[in-house]
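Report on the structure given below.
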Amino acid sequence: MHNELLWFALLLASFTGIIIAYRIFGRTGLYAWTAMAIVLANIQVMKTIKFFGLVTAMGNIVYGTTFLVTDILCENYGKREAKKAVEVGFFVLIVFTLLMQICLAFIPDESDTLSPALEQIFGIMPRITVASLTAYLVSQLHDVWAFDFWKRRTKGRFLWLRNNASTMVSQLIDNAVFTWIAFVGFGIFWEQVFPWELIAEIFVTSYIMKFIVAALDTPFVYLAKMIKSDADRSEVILKTH
């Protein structure tokens, strides 16, 4: 149960981190969290673990928190602010990938012992980035649209419904797009990384984990709505200093 306990600890730490960032920095904290999460998730996804006996890739929790961020922004500030967070994440991941590829191109000194590790981790980044950027953009834009759609249809009621209805479908879209590009490939462009059985196992397990993340983030959306006035006050104080 070691991995399982750590998984739930990481889940709680991530959700709590978002609320703290929002309370202290307002919307700026949520944009900063998105930038951090999108980069961190693309590093963590390179590590595979066993979760309740099934193989899956890491990064599901941290990446899943970006949907919590857009839901908070869409609920408290509207569709436009939520889309801004998506744009921030998209931009940061592109720049991060570009800078790391330039970094890897440098010839290491003889004293360098960590360069092979960096190359192993970030050498696959272009493929992971294409998969992540495509999945991120498609799923996040759907999430923002769906959350706003359900908010209008329910006339602002049933926050739990729009939070879960938008995120769970968006996570399925994200999982399908990312898994195909990252692990299956497109033949002449990228070869298949894992056998179909393992890809199917990763897909199912990853979605189950993302589904759990989506279900458990609902109380934090309500909490973010409750502390909106405090977060806005903190944001004003930051702007005046």
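The values are calculated or read from the model by the stated rules, or taken from the named source; none is laboratory data. Predicted model, so just to flag it, every value in this text is computed and none were measured. Cβ: placed from backbone, ideal geometry, glycine included. Neighbour counts: every protein chain shown. We work out accessible area using only protein heavy atoms, side chains counted, and drop any ligands, DNA or RNA first. Shrake-Rupley method; radii C 1.70, N 1.55, O 1.52, S 1.80 Å.
Quick notes on this structure:
- Distance cut-off 19 Å, percentage of C-alpha pairs in the stretch 117-241 lying past it: 62 percent
- To put it simply, the accessible area of the chain at a 1.4 Å probe is 72 percent carbon and sulfur.
- Here the gap between Val130 and Leu98, fully extended at 0.36 nm per residue and compared with their Cα-Cα distance, gives a gain of 10.3 nm.
- Neighbours of Ala231 by Cβ distance under 11 Å: Lys/Arg scored +1, Asp/Glu scored -1, total +2.
- Burial ranking of peptide ranges 22-29, 35-42, 109-116 (average Cβ count within 10 Å, highest at the top): 35-42, 22-29, 109-116
- Rounded Å value of the spacing that divides the Cα centres of the stretch 195-219 and the stretch 150-188: 12 Å
- Taking 20 Å as the limit for the C-alpha separation, the pairs Lys155/Lys210; Lys84/Lys155; Lys155/Lys225; Lys84/Lys210 exceed it in the case of Lys155/Lys210; Lys84/Lys155; Lys84/Lys210.
- Å² per residue, accessible surface of the stretch 39-189 at 1.4 Å: 49 Å²
- Every Cα-Cα pair of the chain was included, and the share exceeding 32 Å stands at 23 percent.
- Relative contact order of the chain, defined on C-alpha pairs under 8 angstrom at six or more residues apart (%): 27 percent
- Farthest positive-ward along the stretch 1-124 dipole, Cα basis, beta-carbon charges - from Ala82, Gly53, Met100: Ala82
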